[in-house]
1. Neighbouring Cβ atoms within 10 Å as the yardstick, rank Lys187, Lys290, Lys211 fewest first.
2. List every residue whose amide H lies under 5 Å from the amide H of His6, counting only residues 5 or more places away in sequence or on a different chain, with H placed 1.01 Å from N in the peptide plane.
3. What is the set of long-range amide H partners of Gly203 at a cut-off below 5 Å, with H atoms built 1.01 Å from backbone N?
4. Round to a whole angstrom and tell me the spacing of the C-alpha centers of region 64-121 and region 224-259.
5. Could you tell me which of rounded, prolate or oblate describes region 2-88, using a ≥ b ≥ c as the square roots of the eigenvalues of the alpha-carbon gyration tensor, with rounded for a/c under 1.5 and, failing that, prolate when a/b is larger than b/c and oblate otherwise?
6. Please check which bits of region 175-208 a label hung off Arg157 would reach, taking the label as a point 7 Å along Cα-to-C-beta and the cut-off as backbone N under 13 Å.
7. Considering Cα pairs under 8 angstrom that are at least six residues apart, work out the relative contact order of the chain and quote it in whole percent.
8. Helix-only mean residue ellipticity at 222 nm, the chain, DSSP H runs n ≥ 4 weighted -39,500 (n - 2.57), per residue, nearest 500. What is it?
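Please treat every number below as a calculation from the coordinates, not as lab data. Everything numeric here is computed off the predicted structure, so don't read it as measured data. Heads up, the Cβs are rebuilt from the backbone with ideal geometry, glycines too, and the neighbour counts pull from every protein chain shown.
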Amino acid sequence: MDLDLHVSRFDWAGGDSNIGPGVAQLAERAEAMGVRTMSFMDHLFQMDWMAPAEDPMLEGYTALGFVAGRTTRLRLRLLVTGVTYRHPGLLAKTVTTLDVVSSGRAELGIGAAWYEREHRGLGVPFPPVAERFERLEEAILICLQMWSDDNGAFRGRHYQLDETLCSPMPISSPRPRIMIGGGGERKTLRLVAQYADACNIIGSLEDVAHKLDVLRRHCDALGRDPNEIEVTTMYRDIPPDASADDVVRGAEALANIGVSTLVTGAVGDDPGGWLESTFGPVMDRIAAIKPAPL
């Protein structure tokens with residue numbers, strides 16, 4: 001079982017001028033203890049259901065580029081890119097650039113986007129949900145074409161590209177991994193089954209188990225082995241008095257339903273210290289856990 005780190009807030013850094021050094025130190029500490037992937041949100045305002053929208057928020061790909069220069073092993077992704085924020089051709093180029101400068105450590109996390117306030121606030125078009133899902137599928141197809149030998153045109157309902165030229169090509173082989181975020185049973189998990197190398201499903205143990213049953217059915221309908229898809233879920237709501245055994249038991253419960261990667265968070269005012277004290281003593285035990293097949 002793997003452990004990833006998701007950073008969704010920056011107020012712990014102690015002021016705007018401290019965010020850069022704070023993020024660098026957190027990334028370096030995470031890499032040193034064996035965390036596999038570091039991710040940021042793709043938001044322009046802080047999520048107003050979690051904290052004030054005015055709280056600090058970094059543009060995700062710029063932040064990932066900074067982390068790439070401070071680390072050597074951490075994989076890098078957004079959890080997840082909102083399809084509405086970047087034209088797909090530019091998105092493919094952005095992820096490719098991150099992959100090249102990080103020597104093959106970039107992944108594409110992508111979803112249909114949802115935070116209407118920041119769209120309206122900064123003048124980003126916010127289509128209806130059905131159209132966002134149509135755009136999501138087209139964006140994935142454009143990225144796949146740009147990461148292939150086909151430099152020709154792409155003609156979709158929402159996007160038209162005369163050339164899908166991408167030079168340099170990604171270092172990752174055969175291309176950057178694609179994670180599709182979300183648990184929508186009719187659309188999102190169908191797209192996961194069709195296109196994704198990884199998914200991120202949020203919810204209780206029972207919720208995640210149910211979504212994985214739905215994902216299996218989509219895979220069956222498409223003739224795909226669901227075990228080709230890495231299953232990630234959030235694992236950060238850990239009680240302050242939890243013991244090392246408690247942390248491992250929680251991980252084992254998720255592995256038993258097919259989760260292969262835990263995604264923890266930047267918790268508290270010293271997220272690096274929390275990460276080291278909570279997971280440092282059990283990294284070997286978590287790595288030894290074998291997820292159940294889907």
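1. Exposure proxy ranking, most exposed first: Lys290, Lys187, Lys211.
2. Under 5 Å from the amide H of His6: Ser39, Thr264, Gly265, Ala266.
3. Met234
4. 25 Å
5. oblate
6. Answer for this model: none.
7. Relative contact order, the chain: 19 percent.
8. -12500 deg cm²/dmol
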